[in-house]
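**Student:** Below is a structure I'd like to ask you about.
The values are calculated or read from the model by the stated rules, or taken from the named source; none is laboratory data. All figures in this text were calculated on a predicted structure; none of them were measured in a lab. A quick note on method: Cβ atoms are made from the backbone with ideal geometry, for glycine too, and the neighbour counts reach across all protein chains shown.
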Amino acid sequence: MKNEFARREVLGLGIGAALATSGAAFSTAQTEKETVPGKVNNSSDLNTFNKYGEELETSLLLRTSPIAVKMLEKEADIPEEAFRPKRDGGYHLAQCQAFGMSRREGKTVAMLKEDHWCPTALTAYGMVEKTGMMASFAENYDCFEVGKYIGIVTAPLKNATFIPDVVLIYMNNAQLRGVLVPMSFGRGEDQFITELFLPSCGHSVVDPMITGKYVVVLPDPGEYQRALAAEDEIILAVPGKRMKELMTSLKGMGKMYSHREQYMSMHPDFERPQFYKDMFKAWGLDSE
């Protein structure tokens with residue numbers, strides 16, 4: 001049996017045997033010193049994140065760029081190149097629209113309180129108090145401490161000029177599966193959170209920063225209606241300090257995972273790894 005497998009082959013033959021090496025590499029990465037999110041020790045830290053953005057975009061065949069996200073504590077933290085909607089454009093945006101500008105148009109966008117046009121992000125990011133009216137909404141989401149941050153900045157990960165607190169990757173279900181399967185080796189399920197309800201702008205930023213976990217987020221109706229999220233898109237939110245871990249898992253079999261190696265086929269009596277055959281033999285079933 002071959003030592004390397006295309007992603008479709010891994011799913012067809014049985015992920016346990018084929019991805020064993022991925023789990024080993026993933027576990028090794030956990031023991032290495034992690035990059036501190038938001039802290040630039042030298043230019044190589046930023047270059048590494050930029051490289052991650054390039055690799056993810058090309059290898060996963062993403063339609064849009066992964067987004068670097070940083071919460072702003074003071075105006076001095078705003079990158080010089082950042083577009084500020086109210087000041088520079090004379091208009092307001094919802095946060096999901098700012099995400100869209102960064103991932104599709106390649107823009108660095110800084111959203112301060114005066115730039116927002118949707119209440120959810122303002123409350124989730126702690127820029128305003130959650131009013132009684134907001135509290136009565138069915139939305140249930142965690143919020144940052146009020147006043148801790150003055151805003152948020154986003155940019156394509158591949159050319160961001162800041163170390164991200166969170167990286168948002170918009171992908172389809174097949175791409176998400178391809179990322180999560182190798183990540184599951186060496187990591188318990190308690191390292192992942194799934195958020196299917198409103199608001200995606202809050203869950204995708206606040207949850208990974210508060211919990212330190214990977215978060216799978218379903219884009220909410222606002223992202224679909226106003227920010228042009230595709231019907232088959234879903235978000236993987238990765239804490240910045242865990243990006244090295246993520247990238248290591250995708251290279252667990254010696255090369256970067258790529259959708260270019262996928263193919264679809266459906267055959268009876270498909271080739272199986274030995275441990276499949278051993279189990280079937282033990283059960284008295286056909287093993288060959």
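**Student:** For residues in segment 253-288 being among the basic types (Lys, Arg) and modelled with pLDDT of 75 or more, which is surrounded by the fewest Cβ atoms within 10 Å (Cβ to Cβ)?
**Tutor:** Of all residues in segment 253-288, those among the basic types (Lys, Arg) come to 255, 260, 272, 277, 281.
Now narrow it down to the ones that are modelled with pLDDT of 75 or more: 272, 277, 281.
Numbers: 272: 17, 277: 14, 281: 12.
Of everything passing the filter in segment 253-288, 281 is surrounded by the fewest Cβ atoms within 10 Å (Cβ to Cβ).
Residues checked against (1) over 21 Å from residue 240 (Cα atoms); (2) at pLDDT below 95; (3) hydrophobic (A, V, I, L, M, F, W, C); (4) not in a strand (DSSP E or B):
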site: 129; (1), (2), (3), (4): yes, yes, no, yes
site: 134; (1), (2), (3), (4): yes, yes, yes, yes
site: 138; (1), (2), (3), (4): yes, yes, yes, yes
site: 143; (1), (2), (3), (4): no, yes, yes, yes
site: 148; (1), (2), (3), (4): no, no, no, yes
site: 162; (1), (2), (3), (4): no, no, yes, yes
site: 170; (1), (2), (3), (4): no, no, no, no
site: 175; (1), (2), (3), (4): no, yes, no, yes
site: 178; (1), (2), (3), (4): no, yes, no, yes
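**Student:** Are any residues in segment 73-94 over 23 Å from residue 222 (Cβ atoms) and either surrounded by 14 or more Cβ atoms within 10 Å (Cβ to Cβ) or touching a strand residue (DSSP E or B) at 6+ places or on another chain (Cβ under 7 Å) (or both), and if so, which ones?
**Tutor:** Listed by number, the residues that qualify are 77, 78, 79.
**Student:** Can you tell me which residues in segment 221-246 are in contact (Cβ under 8 Å) with a residue 24 or more places away in the chain and part of a loop (DSSP other than H, G, I, E, B)?
**Tutor:** Going through segment 221-246, the residues in contact (Cβ under 8 Å) with a residue 24 or more places away in the chain turn out to be 222-223, 226-230, 232-246.
Answer for segment 221-246, where residues must be in contact (Cβ under 8 Å) with a residue 24 or more places away in the chain and part of a loop (DSSP other than H, G, I, E, B): 227, 228, 229, 230, 232, 233.
**Student:** A follow-up question, please. Can you find even one residue in segment 148-156 that is farther than 21 Å from residue 123 by Cα and within 15 Å of the chain's Cα centre (by Cα)?
**Tutor:** Taking segment 148-156 first, the residues farther than 21 Å from residue 123 by Cα are 155-156.
Now drop any that are not within 15 Å of the chain's Cα centre (by Cα), which leaves 155-156.
Yes: segment 148-156 contains one or more residues that are farther than 21 Å from residue 123 by Cα and within 15 Å of the chain's Cα centre (by Cα).
**Student:** Still on this structure, I have one more. Please go through segment 219-236 and give me each residue that is among the hydrophobic types (A, V, I, L, M, F, W, C) and within 15 Å of residue 197 (Cα to Cα), ordered by number.
**Tutor:** From segment 219-236, those among the hydrophobic types (A, V, I, L, M, F, W, C) are 227-230, 234-236; that's our starting set.
Selection gives 234, 235, 236.
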